[in-house]
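The structure under discussion appears below in the form of structure tokens.
The numbers here are math on the coordinates, done by the rules we state, and not lab data. From a predicted model like this one, the values you see are computed outputs, not experimental measurements. Cβ sites come from the backbone with ideal geometry, for glycine too, and all protein chains shown count toward neighbours.
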Amino acid sequence: MKRRDFITGTALGATALALNACHRAEEKTKNGSVNINKGKKVTLKLATSWPAHFPIMGTGVDTFAKRCSELSGGTLEIKVFPKNILVPALQVFDATSAAQIDAFHSGVYYWKGKNPAFSIFGGMPLGLTSEEMITWFKFGGGYDLWREMYGKFNLYPLIGGTTGPQMGGWFKKEINSLADLKGLKMRIPGLGGEVMKKLGVNPVLLPAGEIYTSLERGTIDATEWVGPALDSMMGFAKAAHYYYTGWHEPGSILELTFNKARWEKLSNQHKAIITAASEEMTGNMLQEFRYKNAKALQELPKTVQIKTFPKEMMEAAKTALKEVLDDESAKSDDFKRVLKSYKAFVKLNKPWDDISTKNFLEIRG
Ligand code: CA
């Protein structure tokens, strides 16, 4: 082949290939079947704050990874690393921000120290339920604020499940009045802990592995955790008094957060798969919590006394929450901005909720 022929031939060949590729892409679009990542496998490292295969939360992220692989035809692999394997449980935020890992699965309220506003994304005491929180994120501007504020840490967050309503916690002694809370040492995190502090409680933060022994040894007098399904595995039943409702965590949000630069490099197809799988995970987790909590409640030992908090305590908690929110707003403009958006959604949502869900549940009895 002469050089000139070779050049021409190659150019023609390249044009033909390009046209062919366009044609194929067009065909795929018509079919609705797109596999733009064919042959190019992407692997992402995701660390969690939970032990391996931890019920509901850990198994939820395992299923999420499996679904990403299935939906992408094997081109997207998410490798899940339980806590302390790649990074310590509560270092996942920093490690993802610094691109040491690609993503993490954790609870949003852990990062209050990074920015006080993050505690609102995790859920509000006496505030929105899980379904309402998700609605605020998706339709009420919550996601825009969350992504803007996480963007400053080179992070891109997605909701990664939610617990539904939690329980109020386990108490060694009965709580009959506000006075019974004075001086009580309780494991309770986040804004709920701040509210409890104003009611005379001494809130402490303990890792999951230390709660049971602290309760048994009397280092703490009370603890909250999640709900019957997960609490019954922790051995808390010995504390005997199990209080409802989890006013401090009516709809806590878990997160599936990616390194932002890594996220932006993903194909649109992989972004769509991750987004869809995260929504599936969120729905599944909420339903699994509901079913397993309902079942575990029936199976609690007979020695456990299930009680509701005194009315005066809940009234005092409402007043204390207002003070906590005022204090935080005065300290942080971001907190103030997020609270404003959150409150706007509450205002919009409440009249409709009052005549729909709330009213129906009262009628249903
Ligand atoms: Ca909790």
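Once you have the Kirkwood Rh of the chain from its Cα pairs, apply Stokes-Einstein at 25 °C and 0.890 mPa s and quote D in µm²/s.
Diffusion coefficient, whole number: 108 µm²/s.
What does the helix-only formula give at 222 nm for the chain: each DSSP H stretch with n ≥ 4 adding -39500 (n - 2.57), the total divided by the residues, and the result rounded to the nearest 500 deg cm²/dmol?
-16000 deg cm²/dmol
Compute the distance from the alpha-carbon center of the range 53-76 to that of the range 180-235, in whole Å.
32 Å
Considering only ASP94, ASP353, ASP62, give the residue with the highest GNM mean-square fluctuation for the chain, with springs between Cα atoms whenever their separation is below 10 Å.
Per the Cα network of the chain with a 10 Å cutoff, ASP353 tops the list.
Give the calculated FRET efficiency between LYS172 and ARG290 to the nearest 0.05, with a Förster radius of 30 Å applied to their Cβ-Cβ distance.
Here the calculated transfer efficiency is 0.60.
What pairs in LYS112/LYS138; LYS322/LYS347; LYS322/LYS343 have C-alpha atoms more than 18 Å from each other?
LYS112/LYS138
Mean 1/r over all different Cα pairs, inverted: what Kirkwood radius does the range 137-218 give, in Å?
15.7 Å
What base-10 log of the normalised intensity I(q)/I(0) is obtained for the range 102-173 from the Debye formula, alpha carbons as equal point scatterers, at q = 0.21, 0.23 Å⁻¹?
-0.98, -1.16
With both partners inside the chain, how many of the DSSP beta bridges are antiparallel, as a percent to the nearest 5? Walk me through the intermediate numbers first.
Working: 16 of 34 bridges.
Close to 45 percent.
Once R0 is set to 51 Å, what does the formula 1/(1 + (r/R0)^6) return for the Cβ-Cβ distance between ASP333 and THR303, expressed as a FRET efficiency to the nearest 0.05?
For R0 = 51 Å, the calculated efficiency reads 0.55.
Calculate the length of the line joining the C-alpha centroid of the range 78-133 to that of the range 137-155, in whole Å.
Comparing the Cα centres of the range 78-133 and the range 137-155, I get a distance of 13 Å.
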